[in-house]
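Notes follow the structure.
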Amino acid sequence: MAIPLPLTSYSPISTSPTSFVPLTPPHRNFLSEQSFSRRVVLSCSSSLSSNNGSTPEPMNASGLNGQSSFPGMPSFDGTSNPPLKWRRVLLKVSGEALAGDEEQNIDPKVTMAIAREVAAVTRLGIEVAIVVGGGNIFRGSTWAGCSGLDRSSADYIGMLATVMNAIFLQATMESIGIPTRVQTAFRMSEVAEPYIRRRAIRHLEKGRVVIFAAGTGNPFFTTDTAAALRCAEINAEVVLKATNVDGVFDDDPKRNPNARLHESLTYQEVTSKDLSVMDMTAITLCQENNIPVVVFNLSEPGNIAKAIKGERVGTLIGGTWNSIVATT
């Protein structure tokens, strides 16, 4: 007499004793796991294969020239990238720097140089925001009082000049494939987004470069103050001020060839010595929020990328250089 098997362990398919098939437990589905593993392998193979069917070259964590996408971690070929000093930075570019040789309001070679160096560091995962000045087109403090033009109206005209520079810089960056957004302090919805803090941060998290234009949106404040303000608002780690000199000197280097370049300064030294780095409102705002400032020469090739990556360049205010950071 045959003894029936428990239905909880076997499911009969036919009346033959050899036709009983064991059921797998409900929490383990080996068929689904095997199919999932096969899909993962096929996906990785397709990303490594080339269109012409040739044998693909070995690819590392980033897939680019043996560089790891995780700075400081070794790549598959045994190399490693130096750790990055900052992850989110704010680059302040003056309007005078955009003018280049001053033969025209905006020098396309300067904007292209900025775009290429910013592109190089964004590929490392560094988030970059930019504040542009407008002194190459119109400076409100200079024109105030001319033909009855009051200071407020002159500053608003200067804010419009910064928008012009921002749109030009955006076009240059997007021409080489850098996704860029312009945000203005007052609404100009036909040409740019209004400044919204959360939206700006989201753009940065998605790898886009955000250009802040129109200063703070208020007269009597410089774009240096706008840079310090936006840096604090978006939780950036440093203000990088690109100028036409190598940094902060103890004397005017144009008049005194023996002027000494300061490697680092404190906020108190800047204010007590009345050094013309940034206006006092901007320096005070940086000091209150513990935001370091790096002043460097924009015209030197590679300086933008070095400053953004945290390499020792120019003058550092309110901070100290790490010993692991390379010296230029």
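The values are calculated or read from the model by the stated rules, or taken from the named source; none is laboratory data. Fair warning: this is a prediction, and the values are worked out from it, not measured in the lab. A quick note on method: Cβ atoms are made from the backbone with ideal geometry, for glycine too, and the neighbour counts reach across all protein chains shown. Accessible surface is based on the protein model in full, side chains and every heavy atom, while ligands, DNA and RNA are left aside. Shrake-Rupley method; radii C 1.70, N 1.55, O 1.52, S 1.80 Å.
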**Asked** Which one of the conditions (1) open to solvent by 70 Å² or more (accessible area, probe 1.4 Å); (2) closer than 23 Å to Arg139 by Cα does Ser272 fail to meet, given that it meets all the rest?
**Response** (2)
**Item:** Output for region 260-288, where each listed residue is without any contact (Cβ under 8 Å) to a residue 24 or more places away in the chain, assigned to a loop (DSSP other than H, G, I, E, B) and farther than 23 Å from Val93 by Cβ
**Value:** Arg260, Lys273, Asp274
**Hits in region 148-163 - residues which are hydroxyl-bearing (Ser, Thr, Tyr) and crowded, with 21+ Cβ neighbours inside 10 Å** = Thr162
**Prompt:** For the subset of region 177-227 comprising residues that are open to solvent by 60 Å² or more (accessible area, probe 1.4 Å) and of a type in the set (A, V, I, L, M), which member is nearest to Val294 (Cα to Cα)?
**Reply:** Ile196
**Request:** Can you give me the number of residues within region 125-147 that are touching a Leu at 6+ places or on another chain (Cβ under 7 Å) and either under 27 Å from Trp86 (Cβ atoms) or open to solvent by less than 60 Å² (accessible area, probe 1.4 Å) (or both)?
**Result:** 8
